[in-house]
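Here is the structure we will look at, set down as structure tokens.
The values are calculated or read from the model by the stated rules, or taken from the named source; none is laboratory data. It should be emphasised that the depicted structure is a prediction, and the values quoted were computed from it without experimental measurement. Positions of Cβ are generated from backbone atoms using ideal geometry, with glycine treated the same way; all protein chains shown enter the neighbour counts.
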Amino acid sequence: MKIEVGIVTAAGARQARLPFQRFIDLDGREKSALRILAEEVFSAGIKTLYVVIGPGLTGECREAVGRDYANRIVFVEQQSPLGYSAAVWQAAELAGPQAFLHLVGDHLAISANPHRRCAQQLVECARVEKCAVSAVQATREGLLSYYGAVGGQRVPGTQLIEIESILEKPTPTQAEQQLQVSGVRAGSYLCFFGMHVLPPSFLPLLGEQIAARGGQVVEFSDVLQELARRERYLAMEMQGDRHDLGVRYGAWIAQLALGLAGVDREDVLSHLVEALANQPPVVKGEIGAGGASGE
């Protein structure tokens, strides 16, 4: 399967400013989140990247990503907040009916494989299997409310799962009943990583779903579930970790993970150990009491 186009969605109200946050990347250089995402996409052999953003942000985004990618990135301004599926549709229509790599703009991925980034792993898998593939990660039950999750049959001897069911933010009871996958430890489920390779057939399918809803918001997971009904669709357990920048302490945790996995690992560890060693013990009730009294 030929995969030369990438789509990153970053137009939602919660995502709008996240691409401009700056981090020290694995190579020790300071970059915007958008720049890190672009490097992730282009590492997988993608030629053109479409980035869906909020209205009036093209100039800031061009500055955040840097001049050297100027001719390879198309910024698509979503004028109205019509939802995640509509953002993908807007970019995919411009790209045309072809396979594409899709990443969400509020996640950063760190590969556990020193030779291949996460996007590379996923694109290589899709090219070999010649079908849609979504990256997933074993996620503990308490975090199900943040993610879509999948269930299905494992392909023997592999990290691949033939997807049969998809639920968006399932309850633990729903997950236990519908999302079991062999080889996943008890109390954990395979949740989306924020990275997908979708086939040429996905664009007309998404268009059908949007037209059928008559302008109402279309859940992206519903479209993926319909894709699984119609054709072969795999989940791949990713060798790596995803970090959601939009959750509480998300950006801080992402930066810590980048530091621990990158060239500055020894310095980061040293500062972390020093900070922990110098942290005074907290007496139970002390922080709350001080905050209440204003002292």
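Within region 185-220, being touching a Lys or Arg at 6+ places or on another chain (Cβ under 9 Å) and either under 12 Å from GLY83 (Cβ atoms) or among the aliphatic types (A, V, I, L, M) (or both) holds for MET195, VAL197, LEU205. Put simply, of SER32, SER43 the only residue that is hydroxyl-bearing (Ser, Thr, Tyr), over 15 Å from the mean Cα position of the chain (by Cα), closer than 23 Å to PRO97 by Cα and at pLDDT 95 or above is SER43. Against the condition in contact (Cβ under 8 Å) with a residue 12 or more places away in the chain, surrounded by 19 or more Cβ atoms within 10 Å (Cβ to Cβ) and in contact with a Pro (Cβ under 9 Å, 6 or more places away or on another chain), how does ILE53 come out, does it pass? Yes, satisfied. For region 195-227, filtered to residues that are among the polar types (S, T, N, Q) and touching a helix residue (DSSP H, G or I) at 6+ places or on another chain (Cβ under 8 Å), the residue that is surrounded by the most Cβ atoms within 10 Å (Cβ to Cβ) is GLN209.
Within region 74-118, being part of a loop (DSSP other than H, G, I, E, B) and surrounded by fewer than 17 Cβ atoms within 10 Å (Cβ to Cβ) holds for GLN79, SER80, PRO81, GLY96, PRO97, GLN98, ALA112, ASN113, PRO114, HIS115.
Could you check, for region 37-56, whether at least one of its residues is of a type outside the set (Lys, Arg), over 30 Å from GLU266 (Cβ atoms), out of contact with any Gly (no Cβ under 8 Å at 6 or more places or on another chain) and part of a helix (DSSP H, G or I)? Checked against the condition, which is being of a type outside the set (Lys, Arg), over 30 Å from GLU266 (Cβ atoms), out of contact with any Gly (no Cβ under 8 Å at 6 or more places or on another chain) and part of a helix (DSSP H, G or I), region 37-56 yields no hits at all.
Screening TYR189 on (1) in contact with a helix residue (DSSP H, G or I) (Cβ under 6 Å, 6 or more places away or on another chain); (2) not in a strand (DSSP E or B) shows it passes everything except condition (2). Listed here are the helices (runs of 4 or more DSSP H) enclosed by region 198-289 that have at least 3 residues being of a type outside the set (Ser, Thr, Tyr), under 27 Å from ALA11 (Cβ atoms) and out of contact with any Pro (no Cβ under 9 Å at 6 or more places or on another chain): 202-212, 220-230, 250-261.
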